[in-house]
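Trainee: Okay, handing you the structure first.
The values are calculated or read from the model by the stated rules, or taken from the named source; none is laboratory data. Owing to the predicted nature of the structure, the values given are computational and were not obtained by experimental measurement. Quick reminder, even Gly has a Cβ in these numbers, built from the backbone with ideal geometry, and neighbours come from all protein chains shown. Ligands, DNA and RNA are excluded from the accessible area calculation, which covers all protein heavy atoms including side chains. Shrake-Rupley method; radii C 1.70, N 1.55, O 1.52, S 1.80 Å.
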Amino acid sequence: MKRLLAILAVCILVPSVEADEITPPETTLCTPTKLISFEKFDQPEAFGRKGKPGSHGWRAGIGEWSIADGVAYAKQEGPSEKRPNGHEAVCEHVVELSDLVLTAEFKMGDSPQVGFVCRDINKPNLHLGRVLITPKAIWIQKMSGIAKETRREELTRIKVDLDRNAWHQVVVEVCSDRWVARIDDHTLEAEHARFADQKGRVGFVARGEGGEFRNIALWAAEPKK
(Lines give C-alpha, C1' and ligand atoms only; values in the text may rest on other atoms or scores of the structure.)
Protein backbone atom coordinates (compact mmCIF):
# COMPACT_ATOMS: atom_id res chain seq x y z
CA MET A 1 0.00 0.00 0.00
CA LYS A 2 2.80 2.43 0.90
CA ARG A 3 4.51 1.63 -2.41
CA LEU A 4 1.28 2.35 -4.31
CA LEU A 5 0.84 5.68 -2.52
CA ALA A 6 4.42 6.62 -3.34
CA ILE A 7 3.88 5.88 -7.02
CA LEU A 8 0.67 7.92 -7.04
CA ALA A 9 2.46 10.82 -5.37
CA VAL A 10 5.13 10.82 -8.07
CA CYS A 11 2.46 10.77 -10.80
CA ILE A 12 0.80 13.79 -9.23
CA LEU A 13 3.99 15.79 -8.71
CA VAL A 14 5.66 15.18 -12.07
CA PRO A 15 4.02 17.12 -14.92
CA SER A 16 2.76 14.95 -17.76
CA VAL A 17 2.70 15.78 -21.46
CA GLU A 18 -0.56 15.05 -23.23
CA ALA A 19 -0.66 15.00 -27.03
CA ASP A 20 -3.75 17.19 -27.00
CA GLU A 21 -1.96 19.98 -25.10
CA ILE A 22 -0.46 21.27 -28.32
CA THR A 23 -1.45 21.17 -31.97
CA PRO A 24 1.22 20.32 -34.57
CA PRO A 25 2.01 23.28 -36.83
CA GLU A 26 1.35 23.60 -40.52
CA THR A 27 4.38 22.10 -42.27
CA THR A 28 5.98 21.98 -45.70
CA LEU A 29 8.22 18.90 -45.70
CA CYS A 30 7.27 16.71 -42.75
CA THR A 31 4.20 15.28 -41.11
CA PRO A 32 4.64 15.23 -37.30
CA THR A 33 3.97 11.68 -36.07
CA LYS A 34 4.83 11.60 -32.35
CA LEU A 35 5.20 14.31 -29.75
CA ILE A 36 8.59 13.79 -28.08
CA SER A 37 8.40 16.69 -25.65
CA PHE A 38 6.43 19.83 -24.91
CA GLU A 39 7.92 22.18 -22.33
CA LYS A 40 6.45 25.57 -21.37
CA PHE A 41 9.57 26.46 -19.33
CA ASP A 42 7.42 28.13 -16.68
CA GLN A 43 8.38 25.87 -13.76
CA PRO A 44 11.78 25.33 -12.02
CA GLU A 45 11.68 21.57 -12.71
CA ALA A 46 11.95 22.31 -16.45
CA PHE A 47 15.71 22.15 -15.80
CA GLY A 48 17.42 19.36 -13.88
CA ARG A 49 20.85 19.54 -12.30
CA LYS A 50 23.58 20.78 -14.66
CA GLY A 51 23.64 18.51 -17.71
CA LYS A 52 20.76 16.36 -16.43
CA PRO A 53 17.30 16.25 -18.03
CA GLY A 54 14.49 18.31 -16.58
CA SER A 55 10.86 17.27 -16.23
CA HIS A 56 10.35 16.92 -19.99
CA GLY A 57 13.85 15.94 -21.05
CA TRP A 58 15.54 19.29 -21.75
CA ARG A 59 19.13 19.57 -20.53
CA ALA A 60 20.64 22.90 -19.55
CA GLY A 61 24.20 22.46 -20.83
CA ILE A 62 26.86 25.10 -21.40
CA GLY A 63 26.09 28.53 -19.96
CA GLU A 64 23.66 29.50 -17.23
CA TRP A 65 19.99 28.65 -17.67
CA SER A 66 17.22 29.71 -15.32
CA ILE A 67 13.47 30.09 -15.17
CA ALA A 68 12.68 33.81 -14.97
CA ASP A 69 9.18 35.28 -15.26
CA GLY A 70 7.85 32.00 -16.60
CA VAL A 71 10.38 31.48 -19.43
CA ALA A 72 13.82 29.94 -19.97
CA TYR A 73 16.46 32.67 -19.62
CA ALA A 74 19.91 32.22 -21.18
CA LYS A 75 23.33 33.57 -20.22
CA GLN A 76 26.37 32.38 -22.12
CA GLU A 77 29.49 30.94 -20.47
CA GLY A 78 32.18 33.51 -19.81
CA PRO A 79 35.82 33.23 -20.99
CA SER A 80 37.93 30.54 -19.30
CA GLU A 81 41.17 28.67 -19.84
CA LYS A 82 39.22 25.90 -21.55
CA ARG A 83 37.19 28.32 -23.68
CA PRO A 84 39.05 31.66 -23.97
CA ASN A 85 36.22 33.22 -25.98
CA GLY A 86 33.46 31.86 -23.78
CA HIS A 87 30.63 29.81 -25.28
CA GLU A 88 27.00 30.39 -26.22
CA ALA A 89 24.38 28.98 -23.85
CA VAL A 90 23.10 25.58 -25.01
CA CYS A 91 19.96 23.64 -24.07
CA GLU A 92 19.27 20.28 -25.76
CA HIS A 93 17.01 17.24 -25.78
CA VAL A 94 18.77 13.86 -26.22
CA VAL A 95 16.90 11.87 -28.86
CA GLU A 96 17.44 9.59 -31.84
CA LEU A 97 15.46 10.87 -34.79
CA SER A 98 15.66 10.83 -38.57
CA ASP A 99 13.10 13.53 -39.43
CA LEU A 100 11.77 16.10 -36.98
CA VAL A 101 9.62 19.15 -36.44
CA LEU A 102 10.37 21.69 -33.72
CA THR A 103 8.27 24.70 -32.71
CA ALA A 104 9.12 27.41 -30.20
CA GLU A 105 8.70 31.00 -29.15
CA PHE A 106 11.72 33.18 -28.50
CA LYS A 107 12.65 36.73 -27.60
CA MET A 108 16.18 37.98 -28.29
CA GLY A 109 16.32 40.76 -25.72
CA ASP A 110 19.97 41.76 -25.34
CA SER A 111 21.23 38.53 -26.92
CA PRO A 112 22.94 39.27 -30.25
CA GLN A 113 22.05 35.86 -31.70
CA VAL A 114 19.82 32.87 -30.98
CA GLY A 115 19.46 29.60 -32.86
CA PHE A 116 17.83 26.20 -33.15
CA VAL A 117 20.25 23.33 -33.63
CA CYS A 118 20.85 19.62 -34.26
CA ARG A 119 23.75 17.31 -33.55
CA ASP A 120 24.27 13.75 -34.79
CA ILE A 121 24.51 10.40 -32.98
CA ASN A 122 28.31 10.11 -32.89
CA LYS A 123 30.13 9.92 -29.56
CA PRO A 124 30.58 12.78 -28.89
CA ASN A 125 27.64 14.19 -30.84
CA LEU A 126 28.97 16.26 -33.74
CA HIS A 127 27.32 19.45 -34.97
CA LEU A 128 24.93 18.78 -37.86
CA GLY A 129 23.06 21.96 -38.73
CA ARG A 130 21.30 25.01 -37.36
CA VAL A 131 19.18 28.04 -38.15
CA LEU A 132 20.58 31.23 -36.64
CA ILE A 133 18.71 34.45 -35.99
CA THR A 134 19.76 38.05 -35.33
CA PRO A 135 17.62 41.18 -35.48
CA LYS A 136 18.92 41.80 -39.01
CA ALA A 137 19.42 38.36 -40.57
CA ILE A 138 18.39 34.70 -40.55
CA TRP A 139 20.47 31.91 -42.08
CA ILE A 140 20.74 28.12 -42.28
CA GLN A 141 24.09 26.37 -42.10
CA LYS A 142 25.29 22.79 -42.29
CA MET A 143 27.95 21.75 -39.81
CA SER A 144 30.40 19.04 -38.81
CA GLY A 145 32.90 18.37 -36.03
CA ILE A 146 32.82 19.51 -32.40
CA ALA A 147 34.74 22.03 -30.26
CA LYS A 148 37.88 23.23 -32.10
CA GLU A 149 37.12 20.86 -34.98
CA THR A 150 33.75 22.51 -35.70
CA ARG A 151 33.22 23.41 -39.35
CA ARG A 152 30.28 25.34 -40.80
CA GLU A 153 28.99 26.23 -44.23
CA GLU A 154 26.30 28.85 -44.71
CA LEU A 155 23.73 27.66 -47.25
CA THR A 156 21.15 30.45 -47.37
CA ARG A 157 20.58 33.85 -45.73
CA ILE A 158 17.91 36.55 -45.76
CA LYS A 159 17.83 40.07 -44.36
CA VAL A 160 15.12 40.84 -41.80
CA ASP A 161 14.12 43.49 -39.30
CA LEU A 162 13.04 41.69 -36.13
CA ASP A 163 12.03 43.42 -32.93
CA ARG A 164 14.41 42.10 -30.29
CA ASN A 165 11.91 42.86 -27.53
CA ALA A 166 8.97 40.99 -29.09
CA TRP A 167 8.11 37.30 -28.97
CA HIS A 168 8.65 35.48 -32.26
CA GLN A 169 7.47 32.07 -33.41
CA VAL A 170 9.68 29.52 -35.14
CA VAL A 171 8.93 26.25 -36.92
CA VAL A 172 11.87 24.06 -37.93
CA GLU A 173 11.50 21.02 -40.20
CA VAL A 174 14.37 18.69 -41.00
CA CYS A 175 13.30 16.02 -43.46
CA SER A 176 15.79 13.85 -45.34
CA ASP A 177 18.39 16.24 -46.79
CA ARG A 178 16.22 19.37 -46.54
CA TRP A 179 15.84 21.96 -43.80
CA VAL A 180 13.00 24.50 -43.65
CA ALA A 181 12.82 27.25 -41.05
CA ARG A 182 9.88 29.61 -40.63
CA ILE A 183 10.32 32.59 -38.30
CA ASP A 184 7.07 34.57 -38.13
CA ASP A 185 6.36 35.22 -41.83
CA HIS A 186 9.95 34.64 -43.01
CA THR A 187 10.75 31.25 -44.58
CA LEU A 188 14.11 29.78 -45.56
CA GLU A 189 14.93 26.42 -47.10
CA ALA A 190 18.28 24.69 -47.63
CA GLU A 191 19.41 21.30 -48.88
CA HIS A 192 22.50 19.27 -47.93
CA ALA A 193 23.27 15.57 -47.54
CA ARG A 194 24.46 16.23 -43.96
CA PHE A 195 20.89 17.01 -42.85
CA ALA A 196 19.83 13.40 -43.58
CA ASP A 197 22.08 11.99 -40.83
CA GLN A 198 20.47 10.70 -37.63
CA LYS A 199 19.89 13.36 -35.00
CA GLY A 200 21.06 12.62 -31.47
CA ARG A 201 20.53 16.04 -29.90
CA VAL A 202 18.09 18.81 -30.78
CA GLY A 203 18.02 22.15 -29.02
CA PHE A 204 18.40 25.90 -28.90
CA VAL A 205 21.26 28.30 -28.21
CA ALA A 206 21.84 31.96 -27.34
CA ARG A 207 24.85 34.23 -27.31
CA GLY A 208 25.46 36.87 -24.66
CA GLU A 209 22.73 37.28 -22.06
CA GLY A 210 19.05 37.94 -22.41
CA GLY A 211 17.69 35.34 -24.83
CA GLU A 212 14.34 33.91 -23.68
CA PHE A 213 12.50 30.77 -24.81
CA ARG A 214 9.13 29.20 -24.08
CA ASN A 215 6.65 26.61 -25.38
CA ILE A 216 9.24 24.34 -27.00
CA ALA A 217 7.71 21.33 -28.77
CA LEU A 218 9.60 18.55 -30.53
CA TRP A 219 8.01 15.90 -32.78
CA ALA A 220 9.30 12.88 -34.61
CA ALA A 221 8.17 13.21 -38.22
CA GLU A 222 8.03 11.51 -41.60
CA PRO A 223 8.18 12.89 -45.16
CA LYS A 224 4.90 14.12 -46.58
CA LYS A 225 3.50 11.77 -49.19
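Trainee: Collect the residues in the stretch 125-166 that are surrounded by 14 or more Cβ atoms within 10 Å (Cβ to Cβ), under 19 Å from the mean Cα position of the chain (by Cα) and β-branched (V, I, T), keeping them in residue-number order.
Mentor: V131, I133, T134, I138, I140, I146, listed by residue number.
Trainee: Let me ask something else about it. Can you pull out every residue in the stretch 89-145 that is in a strand (DSSP E or B) and charged (D, E, K, R)?
Mentor: E92, E96, D99, E105, K107, R119, D120, R130, K142 - these are the residues of the stretch 89-145 that are in a strand (DSSP E or B) and charged (D, E, K, R).
Trainee: Now, a different point. If V174 satisfies all but one of (1) open to solvent by 30 Å² or more (accessible area, probe 1.4 Å); (2) of a type in the set (V, I, T); (3) within 15 Å of the chain's Cα centre (by Cα), what's the number of the condition it fails?
Mentor: The one condition V174 does not meet is (1).
Trainee: Using beta carbons and a limit of 8 Å, which pairs, at least six apart or on different chains, have the first residue in the stretch 69-85 and closer than 18 Å to A46 by Cα and the second one of a type in the set (K, R) and outside any loop (DSSP other than H, G, I, E, B)?
Mentor: As it stands, the answer is G70/R214; V71/K107; V71/R214; A72/R214, since those pairs meet every condition given.
Trainee: So, one more: One residue is enough: does the stretch 176-186 have a residue meeting the conditions closer than 23 Å to P223 by Cβ and not in a strand (DSSP E or B)? Break it down into steps so the answer makes sense when it comes.
Mentor: Just the residues of the stretch 176-186 that are closer than 23 Å to P223 by Cβ, to begin with: 176-183.
Among the residues that remain, those that are also not in a strand (DSSP E or B) are: 176-177.
Within the stretch 176-186 (the criterion being closer than 23 Å to P223 by Cβ and not in a strand (DSSP E or B)), the answer is yes, since at least one residue qualifies.
Trainee: May I pose another question? Do the conditions hold for R201, that is, is it open to solvent by 20 Å² or more (accessible area, probe 1.4 Å), touching a residue at least 12 places away in the same chain (Cβ under 8 Å), within 15 Å of A104 (Cα to Cα) and not in a helix (DSSP H, G or I)?
Mentor: Details: open to solvent by 20 Å² or more (accessible area, probe 1.4 Å): yes; touching a residue at least 12 places away in the same chain (Cβ under 8 Å): yes; within 15 Å of A104 (Cα to Cα): no; not in a helix (DSSP H, G or I): yes.
Considered against the rule, which asks whether it is open to solvent by 20 Å² or more (accessible area, probe 1.4 Å), touching a residue at least 12 places away in the same chain (Cβ under 8 Å), within 15 Å of A104 (Cα to Cα) and not in a helix (DSSP H, G or I), R201 comes out as no.
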